[in-house]
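Comments concern the structure below.
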Amino acid sequence: MAVKCCQQYALKEFAENVVLLDTGHVKLMTPFYPLADLRRIRGLENARYEDPYAGGIGNSIRYLAMSPRDNTLKVEGLENLFCAGEKAGLLVGHTEAICTGVLAGYNAVRHALGRPLVELPRSTAIGDAIAFVREQMQTEEGLMQKYTFSGSVYLERMKELGLYTTDASVIRQRVQAAGFENFFAHHVV
């Protein structure tokens with residue numbers, strides 16, 4: 001399981017059990033599993049591998065081009081390029097891609113309009129994740145980790161800093177205190 005990109009799934013339980021995620025196409029949560037063995041499981045006798053994501057040559061091609069960037073997600077050394085998701089560092093997951101994508105897109109428009117770029121405050125989980133991952137990408141050890149809100153290194157950091165909560169009112173108060181309530185919904189770029 002050491003080859004799993006998502007460290008939260010690189011657990012003994014995933015290696016020793018067949019775990020399926022239904023995300024449209026069912027995803028088998030292990031990097032290698034012989035089809036003949038899968039078909040021996042009751043209910044999966046007719047299973048087949050289908051690869052709609054990469055034209056049959058792989059299900060995930062990742063970490064090929066991380067970009068050095070600042071905390072506004074502007075790529076360093078280029079005037080008008082912004083990045084998000086795994087291009088912005090070892091940020092693993094859909095939520096991370098969405099959060100950084102919103103900020104990168106927002107700042108790209110602000111840049112085109114000649115307006116100052118926005119950096120999310122570290123008092124928010126998203127702002128801290130963007131800044132923390134950038135710092136970690138500067139270290140050899142940091143380049144060996146994956147960062148996600150759902151597990152591994154960054155989830156532990158959120159807990160340590162008191163940023164992890166599922167209480168929407170606590171999150172709302174934190175965002176309000178940072179001056180970012182409804183920021184993307186109400187701010188005209």
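Quick note: the coordinates plus some simple rules give every number you see, no bench work behind them. Computed from a predicted structure; not experimentally measured. For neighbour counting, all protein chains shown are included, and Cβ atoms are generated from backbone atoms with ideal geometry for every residue, glycine included.
For every other residue with a beta carbon closer than 10 angstrom to the beta carbon of VAL75, add +1 if it is Lys or Arg and -1 if Asp or Glu, then tell me the sum.
0
Return the aspartates and glutamates within reach of LYS87: Cα separation strictly under 12 angstrom, same-chain partners fewer than 8 residues apart disregarded; answer none if there are no such residues.
Output for LYS87: GLU96.
Under a cut-off of 15 Å between alpha-carbon atoms, report the aspartates and glutamates in cross-link reach of LYS159, not counting same-chain residues fewer than 8 places apart.
Answer for LYS159, where 15 Å is the Cα cut-off: ASP128, ASP167, listed by chain and number.
Label-point separation (nm) for TYR164 and ASP70, each offset 7 Å from Cα along Cα-to-Cβ?
The two pseudo-label positions are separated by 3.2 nm.
Please give the net charge around VAL109, taking every other residue with its beta carbon less than 13 angstrom from that of VAL109, where Lys and Arg add +1 and Asp and Glu add -1.
+3
Taking the mean number of other Cβ atoms within 10 Å as a proxy for protection, how do you rank 83-94, 98-109 from highest to lowest? Please report the intermediate quantities before stating the final value.
Working: 83-94: 21.9, 98-109: 18.8.
Final packing ranking: 83-94, 98-109.
Listed highest first by mean packing, meaning other Cβ atoms within 10 Å per residue, what order do 124-137, 158-171 come in?
Averaged packing, sorted descending, gives the order 124-137, 158-171.
How would you rank GLU140, GLU156, going from fewest to most other Cβ atoms within 10 Å of each one's own Cβ?
Result, fewest neighbours first: GLU140, GLU156.
With θ taken as phi - 60° and the coefficients 6.51, -1.76 and 1.60, list the Karplus ³J(HN,Hα) couplings across segment 67-84 in order, rounded to whole Hz; mark glycine and proline as x.
Using θ = phi - 60°, the values come out as 10, x, 8, 9, 7, 8, 6, 7, 5, 5, x, 10, 6, 9, 10, 10, 9, 8 Hz.
Taking the Cα centre of segment 85-186 as origin, work out the dipole magnitude from +1 charges on Lys and Arg Cβ and -1 charges on Asp and Glu Cβ, in debye rounded to 20. Please report the intermediate quantities before stating the final value.
On the way: 10 positive and 11 negative charges, 68 e Å.
Rounded to the nearest 20 debye, it is 320 debye.
Quick check on segment 124-189: take the gyration tensor over C-alpha atoms, sort the square-rooted eigenvalues as a ≥ b ≥ c, and tell me if it's rounded (a/c under 1.5), prolate or oblate.
oblate
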